[in-house]
1. For labels at residue 165 and residue 15 in the simple 7 Å Cα→Cβ model, what's the distance in nm?
2. Please give the length that would be gained between residue 79 and residue 111 if that part of the chain were fully extended, namely 0.36 nm times their separation in residues minus their C-alpha to C-alpha distance (nm, one decimal).
3. Return the FRET efficiency for the residue pair residue 173, residue 153: r is the Cβ-Cβ distance, R0 is 25 Å, and the value is rounded to the nearest 0.05.
4. Tell me, what is the percent relative contact order of segment 105-180, built from C-alpha pairs under 8 Å that lie six or more residues apart?
5. If packing is taken as the mean number of other Cβ atoms within 10 Å per residue, what is the order of 106-118, 169-181, highest first?
6. Between residue 146 and residue 124, what is the spin-label point distance in nm, taking each point 7 Å from the Cα along the Cα→C-beta axis?
7. Can you tell me how segment 106-185 classifies by the Cα gyration tensor, rounded, prolate or oblate, using a/c under 1.5 as the rounded cut?
8. If r is the Cβ-Cβ distance from residue 182 to residue 101 and R0 is 22 Å, what FRET efficiency results, to the nearest 0.05?
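Bear in mind that the values in this text are calculations on the coordinates, not laboratory data. These numbers come from a predicted model, not from an experiment. All Cβ positions, glycine included, derive from the backbone under ideal geometry; neighbour counts span all protein chains shown.
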C-alpha cells in the first residue's frame, strides 16, 4: 500500500544516493584517466631514473649546467691608475713588519756613527752607534735605518748602504748613503 507522501521521500533519497555514487565512481575514473594523461613530477622523476639506469652511460646526457661568469681575467675598473706603493706578497710584508719593529730601523741612516771595523776571512763587520748610545754590529746584506737601506759594502773607509725611494713622479730611485769612519785628530 502506498502512502501518499512516502514515495516522494523515498525517490528523493534514492536520487541523492545515486548522485553521490555516480560522483564518487566518476571521480575515481576521472582521476585514473588524468593520472594516465598527466603524470605528476614525482612519477616523472622516477621514470627518468629508471630509463637512465636502463640506458648505457654514453647515451645519457646530463642536464645543462648553469652558466657562470668568470671575471678573473678582466681588469678591475675601480682600481686607481697610480698606486701609492707597490703591494708585495704576505710573506715579504711579514718580514717587513718584523724588520720595522727592530731598534736598528728606528733611526735614520745618516744619524749612525761608525765606531769600529773588523776584517775577517768570513767577511767584514762594522760597529755603529745610534744617537742614544746603543751599538749594533753590521754585516753585508743587513738593513739599517728607517728607510731600510741595505748594507752593500764594508771597507776601511766606511760603510756603504743603498736605499730605494719613490720620487715625485712615482719612479723608483736608488740612493747610496755612506757612513764614514770617524778619524780622531
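1. About 11.1 nm, to one decimal.
2. Fully extending the segment from residue 79 to residue 111 adds 7.6 nm.
3. Efficiency computed from Cβ-Cβ geometry: 0.80.
4. 26 percent
5. 106-118, 169-181
6. 2.8 nm
7. Prolate, because a/c is 1.5 or more and a/b exceeds b/c.
8. After rounding, the FRET efficiency stands at 0.15.
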